[in-house]
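The values are calculated or read from the model by the stated rules, or taken from the named source; none is laboratory data. Treat the numbers as computed from the prediction; the structure is a model and nothing was measured. Counting neighbours? That spans all protein chains shown, and the Cβs are built from the backbone with ideal geometry, glycine included. These accessible areas exclude ligands, DNA and RNA; they are computed on the full protein's heavy atoms, side chains included. Shrake-Rupley method; radii C 1.70, N 1.55, O 1.52, S 1.80 Å.
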Amino acid sequence: MSAQKRLTFPGRIGSILHSIRFRLVLWFSVILALVLIAFSAFIYINQSRDILGESEFRLERKMAALELTLTFSPSGILVPPGVLQDTDVLVFTDPTGQVLASNGPLPAQETLSLAAHAKLEYEQDRNSPDSAISWTQGSGSLHTNYMFVSVPLQIGLGQSGLAILGSPADPYGLESRLQLELAGGSLATLVIALLGGYWLADRAMRPVHTITQAARTIGETDLSRRLNMKSRDELGELANTFDGMLGRLQAAFERQRQFVADASHELRTPLTIVNLETSRTLASPHKPAEYQHALATIRSENDFMTSLVNDLLTLARMDAGQAARQNLPVDLSDVAIDTIERLSSLAARNGVRLEAGDLPEVLILGDRQHLVQMVSNLVENAIKYASGQDKKVSIETGLTEDAGWVRVSDNGPGIAPEHLPHLFDRFYRIDQARMRGSDDAAGPQAPGGSGLGLSIVQWIVQSHGGEIKVESQVGTGSTFVASFKAV
Ligand code: ADP
């Protein structure tokens, strides 16, 4: 049994009713039905007008042919053969509308009503002779509408009655056939369009189903799955975007995992050293100098862990966007002078000359505290790695076009080219064995290298919209330049 929940019947219908597929087809069908109705109405109105026009024309022609030959005799109606058809009605009335003679298939009652109607129309039409053709609903047993035309007729000396010729408006039933054809055709079109539309919508929506299924199976631990849809349409684009997002998520999760693993790894070594040192010292009585040495080692490891935890906290805050950042004008030369003052004693302890080069005022927009931390990290590194005879570290600021920069250079050991691309990666250290300065309790303690200092530098520079570059040659020294948009 698949773990996926099976839809119950009403649930399945519900999901169909709420699907885009169904709504698409519904809208499409409603619009198509309206178009078909409008189209059929248009065709029907036009065609029936033509059919009636045709019948009118035939009736007038028939009456014109009859008019010349018609004679009234009390014995009946004398009609030349071949002029009238079986369905035609011919009625003679006296001036009062009384039927004198009739001919045709209509029952007597309907003939009377036809005559009365025709007389009335005739009276009215006398004022407007154009509308000589009139209608009557005298369908009766013939089930068809009749149209009629009336002409005056001499029925005796000085007496003029009416000759009424009636003919079915649609003798061949064209109108009802047209109605049937239009209704049947429209219905068939609608059904075909409905089924075809559903099939098409279903096909078009299938990739969405694939995406949904794939998204369901992708868990936090399995972000390596991709949809890999090859189609170039909008859904293909959506799937590609989805894949791209998964890729970024996977990379972010990977970085996170690596970060936690590296952090734990970094903490494990000093914790082990502290543990070993305390166990060893407590195992047997020692001389005071030995206790002092053990405590100095523990303090050194403690300093390293403190600095590591501080760096981790800084990075975590920065990553989470919690590091409050001001955006005020800051003079980079001020930042440089501040750093020199703060770190000159550290430089002296390490036997390094910390020099101020040209320090013109360079204003940029940013957070002073972050910028001080960034320059301090670079100078601390330079002091740490350049320590030794005749070593010096210098800081300069300057303006090139509209970019303000701060440069920290040293004549230390330099960095081999293969390390340069990774220098700003988290936990990246060239010398994997950590240097902790002197373990001597009284001696200077250089901060232990955790490989996070330059990551923090890069983060700060980038968060200010700036750029950090490094140039270095083994045996000659290194130069770090951070440049920003000047104000
Ligand atoms: P760490 O805490 O180890 O100093 P960083 O991220 O600050 O970590 O530096 C990464 C690595 O880059 C260091 O381990 C060091 O080997 C190298 N490095 C940084 N600055 C200098 C420098 N001025 N001279 C030589 N090597 C340097």
### Query
Does residue 277 meet the test of being part of a helix (DSSP H, G or I) and open to solvent by less than 40 Å² (accessible area, probe 1.4 Å)?
yes
#### Entry: Looking only at the stretch 348-379, and only at residues there that are under 21 Å from residue 454 (Cα atoms) and among the small types (Gly, Ala, Ser), the one that is farthest from the ligand (Cβ to nearest atom)
366
### Message
Anything in the stretch 451-481 that is within 7 Å of the ligand (Cβ to nearest atom), assigned to a loop (DSSP other than H, G, I, E, B) and of a type in the set (A, V, I, L, M, F, W, C)? List them, or say none.
### Response
452
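Count, please, the residues in the stretch 395-415 that happen to be β-branched (Val, Ile, Thr), within 12 Å of the ligand (Cβ to nearest atom) and within 15 Å of residue 482 (Cα to Cα).
Filtering the stretch 395-415 down to residues β-branched (Val, Ile, Thr) leaves 395, 397, 400, 406, 408, 415.
Add one more test, that the residue is within 12 Å of the ligand (Cβ to nearest atom), and what stays is 408, 415.
With within 15 Å of residue 482 (Cα to Cα) added as a condition, the list becomes 408.
So the answer is 1.
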#### Entry: One residue from 124, 109, 137 being open to solvent by 80 Å² or more (accessible area, probe 1.4 Å) and modelled with pLDDT of 80 or more
109
### Message
Among the residues in the stretch 160-176, are any more than 30 Å from residue 115 (Cβ to Cβ), touching a residue at least 24 places away in the same chain (Cβ under 8 Å) and surrounded by 12 or more Cβ atoms within 10 Å (Cβ to Cβ)?
### Response
no
